[in-house]
1. Pull up all non-local amide H partners of ILE94: gap of 5 or more, or a different chain, and H-to-H distance under 5 Å with H placed in the peptide plane.
2. Measuring from label point to label point, each 7 Å out along Cα→Cβ, what is the VAL216 to VAL160 span in nm?
3. In whole Hz and in residue order, list the ³J(HN,Hα) couplings for segment 173-183 that follow from phi through the Karplus curve 6.51 cos²θ - 1.76 cosθ + 1.60, θ = phi - 60°; x for Gly and Pro.
4. If R0 is 25 Å, what FRET efficiency do you get for VAL244 and ASP149 from their C-beta distance, rounded to 0.05?
5. Quick one: what are the phi-derived ³J(HN,Hα) couplings along segment 148-155, Karplus 6.51/-1.76/1.60 with θ = phi - 60°, whole Hz, x for glycine and proline?
6. Pop the C-beta distance of ALA237 and LEU188 into the FRET formula with R0 = 35 Å and round what comes out to the nearest 0.05.
7. If I stretch the segment between LEU170 and VAL93 completely, what's the gain in nm (0.36 nm per residue apart, minus their alpha carbon distance), one decimal?
8. Arrange CYS64, CYS87 by Cβ neighbour counts within 10 Å, fewest through most, would you?
Amino acid sequence: MLVVSRRITLVLVLVAVVFSATLGIASARTYNHGLTVWFNDDVTLGDGDEVRGDLDIVFGDVTCSSGAVIDGSVRTYFGNFNQLDGCRVDGRVISAFDGDSWSIAPFVPHGSTVDMLSENRRVFQSLAWNVVVLFIFLLFPLRVRVALDRVEQRPGLSAVAGVIALIAVLPIFVMLLLSVIGIPLIVLEIAAVLAGIWIGYAAVAMLIGRRLHELVRPHTTPSPLAALIFGLIVVSAAQMLPVVGWAVSALVLVVGLGAAILGFFRETHFHGGAAGPPMNRAA
């Protein structure tokens with residue numbers, strides 16, 4: 001009986017050892033196409049676990065313990081990633097909204113990851129600029145319309161006036177800087193230049209938007225606000241072209257600034273010779 005009892009005990013021990021080893025092997029998980037954790041705050045990657053791709057955490061918490069391997073990057077979307085010692089991450093650990101690189105969507109694979117804030121910084125800057133231009137139009141609609149009339153009737157003269165204004169900005173700044181009385185006026189000069197650029201930019205964009213609207217729908221006239229928004233979209237798209245984008249920006253800036261400056265002069269100042277007073281006819 002004692003021998004039988006020992007044999008039974010030995011068999012039970014062997015079974016327990018085999019079961020433990022099998023359980024350990026079974027607990028090692030492999031995610032061949034990456035892993036996305038949604039709204040789960042109790043996920044742990046243990047010893048032997050491998051994520052073959054990216055780990056995306058959306059409103060959740062993931063703990064990566066020793067022995068776990070993540071082949072790609074870790075991106076958190078309002079979530080937390082706790083990397084313990086021994087956890088290997090071959091890519092980067094990125095918070096999607098901390099000003100670093102991030103993927104367009106959690107389900108997009110690693111090959112589609114883009115650096116949004118660096119690649120699309122121009123888009124955000126252009127959007128902010130257009131919001132300011134729209135705000136200026138709402139504040140000074142009459143001034144924008146006068147500049148629109150100048151750039152439409154006299155685009156060449158507007159370009160010349162814009163070039164002269166840009167050249168004169170630096171000398172005027174230096175003169176004001178060298179004089180004690182003129183130092184406070186530097187702020188006014190900068191404000192005047194920015195206001196002129198924004199007003200002229202709105203005028204050029206409105207002209208482009210109105211012309212394109214007339215080409216698409218020749219029998220209708222767009223509202224000033226609709227023409228401005230349409231023109232801002234077209235101008236912004238043209239400015240982002242690889243080779244000629246800078247030329248579009250320079251042209252709009254120079255012509256718009258010149259048109260805004262010419263808007264402070266009456267139309268009669270641009271006519272050549274004024275007609276003399278009418279002669280009295282003899283009765």
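Each value in this text was obtained by applying a stated rule to the coordinates, not by laboratory testing. Computed from a predicted model, the values in this text were never measured in an experiment. Note: ideal-geometry Cβ built from the backbone for every residue, glycine included; neighbour counts use all protein chains shown.
1. Distant-sequence amide H within range of ILE94: VAL74, ARG75, THR76.
2. A separation of 3.6 nm, rounded to one decimal place.
3. After applying 6.51 cos²θ - 1.76 cosθ + 1.60, I find 4, 5, 4, 5, 6, 6, 9, 5, 5, x, 4 Hz.
4. Working: r = 27 Å, r/R0 = 1.09.
That gives a FRET efficiency of 0.35.
5. Working through the residues one at a time gives 4, 4, 5, 6, 7, 7, 9, x Hz.
6. Details: r = 34 Å, r/R0 = 0.98.
With a Förster radius of 35 Å, E is 0.55.
7. On the way: separation 77, 0.36 × 77 = 27.72 nm, distance 4.65 nm.
The span from LEU170 to VAL93 would gain 23.1 nm if fully extended.
8. Numbers: CYS64 25, CYS87 21.
The most exposed by this proxy come first: CYS87, CYS64.
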